[in-house]
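Structure record follows, encoded as structure tokens.
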Amino acid sequence: MTGMPPKAELRTRLQHFREALHARKLPAALITNERNVRYLSGFSGGDSALLVTAEHKVLLTDFRYLEEARKTVPSWEVVIEKVRRGADGKPEVLIPHGLMEKAGHMMRKLRLRKLGFEAGDMRVADLRNLRKAARGVRLKPQNGLVGELRLCKSPWEVRQIEKALRIQERAFEELCRSLEDGIREREAAAWLRYLMVKGGADDQAFESMFQVGSHSSLPHGRPTGRRFRGSAVILVDWGSKFAGYHSDLTRTFFLGTISPRLRKIHQTVLEAQRQAIARVEPGVALAEVDAAAREVISKAGYGKAFGHSTGHGLGLDIHEAPSLSARSKGVLRPGMVVTVEPGVYLPGLGGVRIEDDVLVTPNGHRVLSRLRAGLRWNGEDK
């Protein structure tokens, strides 16, 4: 299957996960977050969960994903619903249908007495069903069971993010070369998605933002029917997904005449980003990267117009740990991939955000994205 991690990498991930279980004194864990299911097993189908012990690894799913599971994760025991007809012709349930019910069935089969589960990813209804199905088993809510393992990316993971970046960069350049007067924001965003999928992406990483004129002052504005005509500032925030891994870029550029005030803001945001990226290296506090960007923007008089964090982690989720904000605890570590994306937004005038994806290396950092961030879409500074 395209995008499957190497078998040796999957074995290492599972080994580290089992070590984490041992450290937490847990004999078993139920993994229900779909990205975590994919991280540990390689399985990318829907409606699935993992039950992992020191000796067993079980993929819980249903008939719709049976063939895919057998092909992609043959080393895992795959459990789906199972019903047979009794001598009297009545159906007898051997393995129940629901995921939580299957989990309870397997817990009884494996004679488990204690189980860790992902507290942040368990719906109330599912937890209720799990408690009923796993009666007699002590359920221990856990945080970060897999997330802590996902913080630092392997070389293979970094390569998938880079492949996603190359796809989205080519799509952006092709889109910009074809921009015409009268195009709607929605049309441009939809065309960008098409170009990324055509270029080899699984899909877009999130709903692309293509914001024209004063609409660019919305930090997370959704594409509308607004048309581009004549001179304009355009903010594009887009990303692609490859082998399940996300990339994320933002470029703010100008067509036609450039407003002097927005030109200055663009220069300020670009300098803020440069200062923040310069602070990216192992051991640096996460909040310090945010402070570096915020200081430049505040000195320029736009501190109140920069209201979001400076960046976030990238991986199997478009937003994952770590966060680069004033509230963030902890430090940068080699293998982390983060966005650095300061911005300034002035209602009625427009906004500027510039975003790149950065890898923390053992000795510093490496900017993974290649698009220049000039005043024009092609990176020119005029």
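Brief remarks follow.
- The criterion of at least 1 residues that are of a type in the set (D, E, K, R) is met, among strands (runs of 3 or more DSSP E) falling completely within region 107-214, by 114-118, 138-142.
- Among the criteria (1) more than 24 Å from the chain's Cα centre (by Cα); (2) part of a loop (DSSP other than H, G, I, E, B), the one ILE318 does not fulfil is (1).
- Annotation note: of ARG38, ARG64, the sole residue that is free of Cβ contacts under 8 Å to residues at least 40 places away in the same chain and either within 14 Å of GLN142 (Cα to Cα) or not in a loop (DSSP other than H, G, I, E, B) (or both) is ARG64.
- Checklist (1) farther than 28 Å from GLN160 by Cβ; (2) of a type outside the set (Ser, Thr, Tyr); (3) modelled with pLDDT under 95 applied to VAL233, failing item: (3)
- Exclusive hit being in contact with a helix residue (DSSP H, G or I) (Cβ under 7 Å, 6 or more places away or on another chain), farther than 30 Å from PRO282 by Cα and aliphatic (A, V, I, L, M), set VAL146, VAL233: VAL233
- Filtered by the rule that a residue be in a strand (DSSP E or B) and over 28 Å from GLU162 (Cβ atoms), region 321-350 gives VAL344, TYR345, LEU346, GLY350.
The values are calculated or read from the model by the stated rules, or taken from the named source; none is laboratory data. The shown structure was predicted, so the numbers you read here are calculated from the model rather than taken from an experiment. Note that each Cβ is placed from the backbone with ideal geometry, even for glycine, and that neighbours are counted across all protein chains shown.
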